[in-house]
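The values are calculated or read from the model by the stated rules, or taken from the named source; none is laboratory data. All values reported here derive from a predicted model rather than from experimental measurement. Here the Cβ positions follow ideal geometry from the backbone for every residue, glycine too, while neighbour counts run over all protein chains shown.
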Amino acid sequence: MNKYRLLEQLLGIVQRELATTLGAVTQARDNAVHEQSKPENQYDTLALEAAYLAHGQSVRAAELQRQVTVLKYLKFTDFVPGSVVSSGAIIQLQDLLSAHSQWLWILPVCGGIVLEYEGVRITTITPDAPLGHKVLGCYEGDEIALRLGEHVKSFEIVVIS
């Protein structure tokens, strides 16, 4: 799979989310300082709520900007047979019970985003996620078990690229 094309797709998604978030920050900040937001009595908290919202949106925007920066400076490793799973790897996992297969791209940021490349769905995952943590350091053909509440799911790493 072409990681550079996937990276372009991922950057586009994150940058669009950043632009939307920055617009929400501006709107929330404007609402917080607007003349009509001034409290009329001690129970009127509209301005305070808008200020909290603006702060939360600003924190989210800063995190998205950090993610964009990390992605722009991401270096790719060529994974060959016998390579260990590490950040940057695209892996195919197969559920040992259902034989359902899924593709995951292990990245330092932006977990949970679904990308598509030549008809294949690839989900980004970070090492902070339980599954991401489990697959790091594994090899093609290794089996992993992941506890999900009372259930245990078993997977085999079919491909590392």
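Listed values, structure above:
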quantity: Residue that is surrounded by the most Cβ atoms within 10 Å (Cβ to Cβ), among those in segment 133-143 that are under 13 Å from Q92 (Cβ atoms) and free of Cβ contacts under 8 Å to residues at least 40 places away in the same chain; calculated: D142
quantity: Meets criteria (free of Cβ contacts under 8 Å to residues at least 24 places away in the same chain, within 30 Å of L107 (Cα to Cα) and assigned to a helix (DSSP H, G or I)) for A24; calculated: no
quantity: Some residue of segment 125-132 being surrounded by 14 or more Cβ atoms within 10 Å (Cβ to Cβ) and in a strand (DSSP E or B); calculated: yes
quantity: Residue check, L11 farther than 18 Å from T123 by Cα, assigned to a helix (DSSP H, G or I) and either in contact (Cβ under 8 Å) with a residue 40 or more places away in the chain or not hydroxyl-bearing (S, T, Y) (or both); calculated: no
quantity: Residue match in segment 65-82 (condition: assigned to a strand (DSSP E or B) and either without any contact (Cβ under 8 Å) to a residue 12 or more places away in the chain or not assigned by TED's automatic domain parsing to the domain that holds L7 (or both)); calculated: no
